[in-house]
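*Asks:* Here's a structure for you.
What follows draws every value from the coordinates through simple rules; no lab data is involved. The shown structure was predicted, so the numbers you read here are calculated from the model rather than taken from an experiment. Don't worry about glycine lacking a Cβ; one is built from the backbone with ideal geometry, like all the others, and counts go over all protein chains shown.
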Amino acid sequence: MSKSPLVIFDTTLRDGEQSPGASMTRDEKVRIAKMLEKMRVDVIEAGFAIASEGDFEAVKAVAEAVTESTVCSLARANDKDIDRAGEALKPAKSSRIHTFIATSPIHMEYKLRMQPAEVIERAVQSIARASRFTDDIEFSCEDASRSEFEFLCRIIEQVIDAGATTINLPDTVGYGEPAQYGAQVGRLIETIPNADKVVFSVHCHNDLGLAVANSLSAVLHGARQVECTINGLGERAGNASLEEIVMAVRTRADVFPVTTAIDASHIVPTSRLVSSITGFPVQPNKAIVGANAFAHESGIHQDGVLKHRETYEIMRAEDVGWHTNRLVLGKHSGRAAVKARFEDLGITFDTPQGLNEVFTRFKALADKKHEIFDQDLQALVGEATAPELAEKYHLLKLEAHTQSGSKPSAAMTLRIDGRAEQTSADGDGPVDAAFKAIEKLANSQSELKLYSVNAVTEGTDSLATVTVRLEKLGMIVNGLGGDTDIVFASVKAYLNALNLLESDTVKAHPQREGV
Ligand code: KIV
Ligand code: ZN
């Protein structure tokens, strides 16, 4: 079978960030972008430059840091958005502007309140505007899967004539069904007279759990770019997951007439990095990157795998980055070894203080925990983002008490705005008691949306990473905390969330800002 290249367009830093609570700082985006570059992702959508000052700076920083992948910014089809995207992308070696406008009757009538002819005019103008900055221009027909075929043909033909080089057909609301959606993409490619001048792309949401199936069906019908995210992160139920697309195409090379440039051995470390930065844990049974993805429980399966691996395994765990970095460091490891290991994980420090800070945390952890794994290191760095904030709340001392027959309680000393204050409370468990004690002082008026505990490695001495999601006045933040003691980890995560709510780095959800 002759193969064509399939462009992998990663939008973890843009659509992925639109998951409520998944906001990333500029430095976090750069760290993930460097991993994506190492993985040889073709295009990295770094953000939506006009959405906020922070996102503009993040796109710019990614454009400065990445040289091997094309860096892209999203922009609505208007001059202001496009100019902002172009400005943020200036430092990029290779840049792309991704502009979009809705094309479905329901979106045009109720959201845009525009006539179809005006939508076409706006789309064509936006391509002309984007060409001031780059000749790599992607145009998306938002809600394409619910758009009328004839209208899609008209608008796409005209934007191609205007200079668009990639045409994206998003299944924005996850409504597509694989056979139908793939056929729609194929028919458009066959019908539009200048279709051969561009790459057709798909961008599928997972509302019905069909994002990967829809994307792959479109590939079978001629799409040559897939937009996807690490761990399937994204708006609502998320996007097609990069790791599933890449491994499906590779494992079923007999079916798919395409190859990607992806170095799959970086998939698992990147998945972990994204999970630790966003605080979104990966479900254990998630394909490719879930903890159980290669674990065989049934005796029959185990027996089969031991006799001949291919009896039950269609991929090799090590090919996607499992097992490559088992035990690495311990109590006696020095700064150079720790730094080198971080570099292997795609984590670098801009200043010697940054490394010192994390090294101090590493030593404290190594005192409590015999073996330090890569996951521990990633959790340490995730936690180390907290000091970037102006820390209003800081834990000085904590005592938690549980005893059968009596109510669990927690007492602690917090430094709040530089002053030490004491608090205590009872609760349904020590964590509940600790959170109640904090709220007695903080009175944050926030609502707890998620409390999640993850053991990052095997064994009861595992570092626990805790995510606390708080919502206040439409702002959603994910606080992260790590410790071998779950109560400590939980308190750190809660305080981190409170500090995030206080900080000006918090962004509203880009689409809620009504930019
Ligand atoms: O889902 C969608 O339609 C999008 C576009 C902006 C590409 O994210
Ligand atoms: Zn999307």
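*Asks:* Only residues that are more than 19 Å from Gly238 (Cβ to Cβ), of a type in the set (A, V, I, L, M) and in a helix (DSSP H, G or I): list them for region 189-218, please. Please lay out each step first, then the result.
*Replies:* First pass over region 189-218, keeping only residues more than 19 Å from Gly238 (Cβ to Cβ): 189-200.
The next check asks that each one be of a type in the set (A, V, I, L, M); those that pass are 189, 192, 195, 198-199.
Within region 189-218, Ile189, Ala195 qualify.
*Asks:* Being surrounded by 19 or more Cβ atoms within 10 Å (Cβ to Cβ) and aliphatic (A, V, I, L, M) is the filter; apply it to region 125-137 and report the residue that is farthest from Val199 (Cα to Cα).
*Replies:* Selected residue: Ala130.
*Asks:* Right, next: So, in region 1-49, of the ones that are within 13 Å of ligand 1 (Cβ to nearest atom) and over 17 Å from Cys204 (Cα atoms), which residue ends up surrounded by the fewest Cβ atoms within 10 Å (Cβ to Cβ)?
*Replies:* Phe48
*Asks:* Which residue is farthest from Gln225 (Cα to Cα), if the candidates are limited to region 45-66 and must be over 15 Å from the mean Cα position of the chain (by Cα) and outside any helix (DSSP H, G or I)?
*Replies:* Just the residues of region 45-66 that are over 15 Å from the mean Cα position of the chain (by Cα), to begin with: 49-54, 56-57, 60-61, 63-66.
Now restrict to residues that are outside any helix (DSSP H, G or I): 52, 66.
On the way: Ser52: 28, Val66: 20 Å.
Result: Ser52.
*Asks:* Could you please find all residues in region 1-40 being part of a helix (DSSP H, G or I) and over 26 Å from Leu501 (Cα atoms)?
*Replies:* Lys34, Met35, Leu36, Glu37, Lys38
*Asks:* Looking only at region 86-111, which residues are in a helix (DSSP H, G or I), within 30 Å of Phe149 (Cα to Cα) and touching a Lys or Arg at 6+ places or on another chain (Cβ under 9 Å)?
*Replies:* Pro105, Ile106, His107, listed by residue number.
*Asks:* Let me ask another. Just name the residue that is surrounded by the most Cβ atoms within 10 Å (Cβ to Cβ) out of those in region 112-124 that are farther than 16 Å from Glu148 by Cα and among the aliphatic types (A, V, I, L, M).
*Replies:* Step by step, filter region 112-124, then rank; the result is Ala123.
*Asks:* Report yes if Ala183 is assigned to a helix (DSSP H, G or I) and in contact with a helix residue (DSSP H, G or I) (Cβ under 7 Å, 6 or more places away or on another chain), otherwise no.
*Replies:* On the way: assigned to a helix (DSSP H, G or I): yes; in contact with a helix residue (DSSP H, G or I) (Cβ under 7 Å, 6 or more places away or on another chain): no.
No.
*Asks:* I want to confirm something. Restricting to region 225-239 and keeping residues that are near ligand 2 (Cβ under 10 Å from one of its atoms) and either surrounded by fewer than 24 Cβ atoms within 10 Å (Cβ to Cβ) or part of a loop (DSSP other than H, G, I, E, B) (or both), which single residue is farthest from the chain's Cα centre (by Cα)?
*Replies:* Once the filter is applied, the top-ranked residue is Arg236.
*Asks:* Which of the residues that make up region 91-121 are away from ligand 1 (no atom under 15 Å from the Cβ) and touching a strand residue (DSSP E or B) at 6+ places or on another chain (Cβ under 7 Å)?
*Replies:* Hits for region 91-121 are Ala92, Ser94, Ser95.
*Asks:* Right, another one. Give, as residue ranges, the helices (runs of 4 or more DSSP H) completely inside region 331-385 that count at least 1 residues that are at negative phi, free of Cβ contacts under 8 Å to residues at least 60 places away in the same chain and β-branched (Val, Ile, Thr).
*Replies:* The qualifying helices (runs of 4 or more DSSP H) are 335-344, 352-368.
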